[in-house]
1. Scan region 378-431 for residues that are of a type in the set (Val, Ile, Thr) and not in a helix (DSSP H, G or I) and report the count.
2. Out of (1) under 48 Å from the mean Cα position of the chain (by Cα); (2) modelled with pLDDT of 50 or more; (3) open to solvent by 40 Å² or more (accessible area, probe 1.4 Å), what's the single condition that is false for residue 110?
3. When you scan region 351-359, do you find a residue that is modelled with pLDDT under 85, open to solvent by 100 Å² or more (accessible area, probe 1.4 Å), in a loop (DSSP other than H, G, I, E, B) and within 30 Å of residue 394 (Cβ to Cβ), even just one?
4. Please name all residue pairs, on different chains or six or more residues apart, with Cβ atoms under 6 Å, provided the first residue is in region 191-205 and is within 23 Å of residue 262 (Cα to Cα) and the second residue is among the β-branched types (Val, Ile, Thr).
5. Which condition number in (1) modelled with pLDDT of 85 or more; (2) open to solvent by 40 Å² or more (accessible area, probe 1.4 Å); (3) under 28 Å from residue 246 (Cα atoms) is the one that residue 380 fails?
6. Regarding region 318-331, can at least one residue be identified that is open to solvent by less than 50 Å² (accessible area, probe 1.4 Å), within 29 Å of the chain's Cα centre (by Cα) and modelled with pLDDT of 85 or more?
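The values are calculated or read from the model by the stated rules, or taken from the named source; none is laboratory data. Computed from a prediction, not measured in an experiment: that's the story for all the values here. When we count neighbours, we look across all protein chains shown, and the Cβ atoms used for this are built from the backbone with ideal geometry, even at glycine. These accessible areas exclude ligands, DNA and RNA; they are computed on the full protein's heavy atoms, side chains included. Shrake-Rupley method; radii C 1.70, N 1.55, O 1.52, S 1.80 Å.
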Amino acid sequence: MANETMPTTPTAAAIAADDGSGGSPFGEGNVTGISVENPSLVEGLLALAMNASGAERCRLQQQAEELLQDVACPSFFDMVSCWPRTPPGTLAVLPCFAELKGVQYDSSQNATRFCNVDGTWDNYTDYDRCEHLEQPPPLPSFEPEIELPTLIYFVGYSISLAALVLAVAVLVYFKDLRCLRNTIHVNLFLTYIMSSSLWILILSLQITVKLEVAGCIFLVTLFHYFSTTNFFWMLVEGLYLYMLVVQTFSGDTLRFRKYAIIGWGGPLIFVGAWAIAKPFFGSVSNLEHPSKLEIECSWMRESHIDWIIQGPSCAVLVINLIFLLRIMWVLITKLRSANTVETRQYRKASKALLVLIPLLGITYLIVIYGPVEGVGSHIFAITRAILLSTQGFVVSLLYCFLNSEVRQTLRHHFYRWRDERNILSGKVNNHHRRPTFSKDNSPRSRTESTRLTTTTSAPLI
């Protein structure tokens, strides 16, 4: 029966996997007691072997063993394990590798290879006992294709879109609300609606189907146009308030046509120049590390040429900030005067000054820059997504649904509709002012009550 030999040191049991990692399979004990002509050369080769890969270590060990004078099977690398120098007629034994090509194996078992009597290795290595271990299936990790800020943008834009559509319908339908101020509000709302709709449409197409190049260019150009018009109509809102409060002129001094040229015509110049220059400039995004939501259309990637439209938008925000500061200064100056009716009106306006922040787009200045790494960057991205995606909803809420003029108009039309329905059904409902009768229930009291009812209902008919 052939003898079995085990390495005398722990390093001799190291496994040289396909990546070449692992400790040195040999120690000085492998050559202890063997006479060599140049021991220092052997020690030098062993030192090199300690820092080399598995296959390289075997090769260096073979070079060192060439100086040895005994007969034995030399060190040998079989593409999996590095077998140490073994005496002839002996069965070499190594522990099974713990891992190979990402598969875990039972390292408590052994692999064997026989060293023939003539000092040559057998052609076969027995790895039959090296069985792979059954690993429990890993817990499924939730790794969404869309990041959390993108989901927040989607939800926020959807809520804003619904609120803005309803607000535009209210301001357009009721003639009592038609004025230059509300007309400017309607145009601002329309820019919010178009930019939000296009953002949602582009995201949906990007997830579901591969967007064609022509369709991508068209949608992205429209999105940038309406996003820029959104900023320019914020400028119109600021200019209107500035003319009304600071310059003490009527807001109607500038006709709506001039406001429309600023709001719709100004962005057309900048977006047109951007669309002409965009094909000639590549994107600056890192394509080796794409985002989770892969961008197929090159027009959606950022580039330095985007400053053609980003620059005017930033300038609009700065101008609106100047308008806001000038309006605030005028209001503070008025508040220092006597407590007149006009002063009380300005005090009321000063309380609503914070309402101008979303209307003039000052929110963008708050979140224009933030941290780019660490936990702070994630918090900033989420906060920015919440503020910007819900800005349309906030503006529609403040300047339509919570506006006293709008609420009064809606209440008036509701009461009128209800009374007309009751009259048509033969039931007069005196909800606002019910007739009162005297204790004696005299005919005069009944006549006055009838006259009061007729006077209240007549204008509604």
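1. Of all residues in region 378-431, those of a type in the set (Val, Ile, Thr) come to 379, 382-383, 386, 390, 394-395, 406, 409, 423, 428.
Still in the list and also not in a helix (DSSP H, G or I): 390, 428.
So the count comes out to 2.
2. (1)
3. No, region 351-359 contains no residue that is modelled with pLDDT under 85, open to solvent by 100 Å² or more (accessible area, probe 1.4 Å), in a loop (DSSP other than H, G, I, E, B) and within 30 Å of residue 394 (Cβ to Cβ).
4. So the pair list comes out as 191/229.
5. Every listed condition holds for residue 380 apart from (3).
6. Scanning region 318-331, I find at least one residue that is open to solvent by less than 50 Å² (accessible area, probe 1.4 Å), within 29 Å of the chain's Cα centre (by Cα) and modelled with pLDDT of 85 or more, so the answer is yes.
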